[in-house]
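Participant: Before I ask anything, let me first share the structure, which is written out below as structure tokens.
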Amino acid sequence: MTYNFDEIIDRRNTGAIKLERRIAMYGSEDVLPLWVADMDFRTPDFIFEAIRERCEHPILGYSMPPKEFYPSLIKWINDHHQWDVKRSWIGFLPGIVPGLAFAVQSMTEEGDEIIVQPPVYYPFFHVVNNNKRVLINNPLKTVNGKFEMDFDDLESKITSKTKLLILCNPHNPGGRVWDKETLERLADICTRHHILVVSDEIHADMVLEGYHHTPFATVSESAAQLSLTFMAPSKTFNMPGLISSSYIIPNEILRNRFVDYLEASELTGGNIFAYAATVAAYEKGEEWRKQMLDYVQGNIDFIVDFLNEHIPQIKPMIPEASFLIWLNCKELGMETDELFEFFAKKAGLGLNKGTTFGMGGEYHLRLNVACSREILKQAMEQLLVAVVDLFI
Ligand SMILES: Cc1ncc(COP(=O)(O)O)c(C=O)c1O
């Protein structure tokens with residue numbers, strides 16, 4: 001079956017944050033919304049079928065995950081990431097961002113230091129700051145147009161109060177797929193300094209052709225023992241509104257501590273539609289996933305070629321995973337706020353402001369390309385007109 005990703009679907013009146021928050025973000029509804037990281041592609045049919053099938057039964061009562069839930073997850077992770085996850089290591093998590101907060105709350109104390117590697121997905125900052133922990137920045141370096149970890153800076157910032165590092169693997173907003181050597185070095189440093197690692201791997205199933213995702217926990221036995229990994233089908237299969245994710249914690253002591261926290265807060269359960277959709281995604285989703293990634297790669301190529309040819313002042317970081325492109329707009333000669341306004345007001349484009357992602361976000365914007373290519377063509381035409389106008 002060939003899926004149609006060219007289709008343009010009207011998302012008005014569905015509560016889509018991407019549309020509903022345009023006035024708050026850009027001061028106008030007259031912007032193409034290329035920001036919030038969900039897709040404008042149709043959520044695949046097998047997800048709807050699973051939900052409809054569950055709706056056939058007349059009672060939507062308190063329910064356990066279906067018996068296929070964990071086996072389908074274990075098989076998916078084994079097939080795609082060559083990680084032999086044991087059933088006892090995993091459990092349901094009501095969202096990855098909530099999971100990050102639970103990890104901060106269960107594994108650290110107020111005043112402890114937590115390391116993040118900006119520019120990075122901004123809820124990482126919130127879960128640290130809002131829980132009165134101390135945020136330590138270990139900024140990424142840009143080397144030959146790609147992000148690299150700065151291990152010297154990391155070691156220099158670790159103190160006896162540093163307890164946790166939140167890793168974005170693969171990385172948002174840079175689309176970087178961290179290789180085994182990088183993760184091994186990170187694991188080695190964290191092992192020596194007794195620092196736990198929460199590895200957010202929500203983008204793991206969207207690695208693009210030519211790259212390979214390495215789960216942090218698989219790089220060494222010590223990485224397995226000091227890590228909490230969070231995965232989800234929600235982003236890959238465009239169903240984040242259902243809220244379904246999982247934790248994987250091989251170390252029994254850490255796992256018990258995390259589960260005790262979840263149980264004490266009554267946070268262990270999900271909803272019946274999330275369960276059904278997760279099983280459908282992992283059992284039936286491979287063909288759709290491949291076609292979706294092919295289309296996304298085509299969109300990335302389109303944007304990169306267009307910018308190189310027509311607006312070389314904007315330099316995209318070439319993503320190795322997912323559908324987000326980190327744009328370096330420094331050569332347009334504007335400060336970040338001005339740049340953001342220019343995109344919204346002059347080009348009619350709603351992107352994420354780089355500084356939202358913390359240090360290193362200056363002069364950058366993040367573009368979401370998970371939409372019909374027609375929309376991206378329109379976006380690039382609008383941008384070109386605005387940029388030409390700027391230089392006249
Ligand atoms: C790195 C990363 N983690 C987590 C999330 C969201 O996870 P959830 O919707 O399960 O809270 C996103 C969404 O953009 C993300 O990019």
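The values are calculated or read from the model by the stated rules, or taken from the named source; none is laboratory data. Worth saying up front: this structure is predicted, and the values here are computed from it rather than measured. A quick note on method: Cβ atoms are made from the backbone with ideal geometry, for glycine too, and the neighbour counts reach across all protein chains shown. Only protein heavy atoms, including side chains, enter the accessible area calculation; ligands, DNA and RNA are left aside. Shrake-Rupley method; radii C 1.70, N 1.55, O 1.52, S 1.80 Å.
Participant: Calculate, in nm to one decimal, what S28 and H57 gain on full extension: separation in residues at 0.36 nm each, minus their alpha carbon distance.
Facilitator: Details: separation 29, 0.36 × 29 = 10.44 nm, distance 4.37 nm.
Between S28 and H57, full extension yields an extra 6.1 nm.
Participant: Indicate the gyration tensor shape class of segment 162-232 (rounded, prolate or oblate), computed on the Cα atoms with a ≥ b ≥ c the square roots of the eigenvalues: a/c under 1.5 is rounded; otherwise a/b larger than b/c is prolate and the rest oblate.
Facilitator: Working: a/c = 2.01, a/b = 1.69, b/c = 1.19.
Note, shape of segment 162-232 comes out prolate.
Participant: Further, regarding this structure: Quick query: amide H of L196 versus all other amide H atoms, modeled in the peptide plane; which residues come in under 5 Å with a sequence gap of 5 or more or a different chain?
Facilitator: When sequence neighbours closer than 5 places are left aside, the close amide H contacts are L164, L165.
Participant: How large is the direction-averaged shadow of the alpha-carbon convex hull of segment 211-291, in nm²? Walk me through the intermediate numbers first.
Facilitator: Values: hull surface 26.5 nm².
If I average the Cα hull's projected area over directions, I get 6.6 nm².
Participant: Take the alpha carbon atoms of segment 1-127, find their radius of gyration, then divide it by 2.2 N^0.38 Å using N residues; give the quotient. Don't jump to the answer; show the numbers that get you there.
Facilitator: Numbers: Rg = 19.7 Å, N = 127, 2.2 N^0.38 = 13.9 Å.
Dividing the Cα radius of gyration by 2.2 N^0.38 Å gives 1.42.
Participant: If amide H atoms are built 1.01 Å from N in the plane of the peptide, which residues on other chains or at least 5 residues away come under 5 Å of the amide H of V207?
Facilitator: Result for V207 returns S322.
Participant: At 25 °C and 0.890 mPa s, what whole-number value in µm²/s does Stokes-Einstein give for the translational diffusion of segment 61-284, with Rh from the Kirkwood sum over Cα pairs?
Facilitator: Working: Rh = 17.7 Å.
After rounding, the answer is 139 µm²/s.
Participant: May I ask you to compute the full-extension gain from D179 to S222, defined as 0.36 nm times their residue separation minus their alpha-carbon distance, rounded to one decimal in nm? Before the final figure, lay out each step's value.
Facilitator: Values: separation 43, 0.36 × 43 = 15.48 nm, distance 1.71 nm.
The D179-S222 span can extend by a further 13.8 nm.
Participant: Using just the C-alpha positions of the chain as equal point scatterers, what log10 of I(q)/I(0) does the Debye formula give at each q in 0.06, 0.13 1/Å?
Facilitator: -0.23, -1.14
Participant: Whole number in Å², please: accessible area per residue of segment 269-385, 1.4 Å probe, ligands, DNA and RNA not counted. Please report the intermediate quantities before stating the final value.
Facilitator: Values: 4300 Å² over 117 residues.
Accessible area per residue: 37 Å².
Participant: For segment 199-302, what % of the accessible area comes from carbon and sulfur atoms, probe 1.4 Å? Please report the intermediate quantities before stating the final value.
Facilitator: Details: 1820 of 3690 Å².
Accessible surface attributable to carbon and sulfur in segment 199-302 totals 49 percent.
Participant: Between R257 and D305, with labels modelled 7 Å along Cα→Cβ, what's the label distance in nm to one decimal, could you check?
Facilitator: 5.2 nm
Participant: Using R₀ = 35 Å, calculate the FRET efficiency as 1/(1 + (r/R₀)^6) where r is the Cβ-Cβ separation of T142 and R87; round to 0.05. Spell out each step's value before the answer.
Facilitator: Working: r = 41 Å, r/R0 = 1.17.
Calculated transfer efficiency: 0.30.
Participant: With the alpha-carbon atoms as the only input, what is the per residue convex hull volume for segment 149-202 in Å³? Intermediate values should be presented prior to the final figure.
Facilitator: Details: hull volume 4.4 nm³, N = 54.
Measuring per residue, one finds 81 Å³ for the Cα hull of segment 149-202.
Participant: Still on this model: How high is the FRET efficiency from H193 to N271, r the C-beta distance, R0 41 Å, rounded to 0.05?
Facilitator: The formula returns an efficiency of 0.55 here.
Participant: Same structure, new question: I want to check the label-to-label distance for R11 and E209. Put each point 7 Å from Cα in the C-beta direction and report it in nm to one decimal.
Facilitator: Calculated label separation equals 2.6 nm.
Participant: Hey, what number do you get for the chain at 222 nm if only DSSP H runs of n ≥ 4 count, each worth -39500 (n - 2.57), divided across all residues, to the nearest 500?
Facilitator: Working: 14 runs with 153 residues, N = 392.
Mean residue ellipticity, 222 nm, calculated: -12000 deg cm²/dmol.
Participant: Using Cα springs under 10 Å in a Gaussian network model of the chain, which residue among G333, G91, G348 shows the largest mean-square fluctuation?
Facilitator: G333
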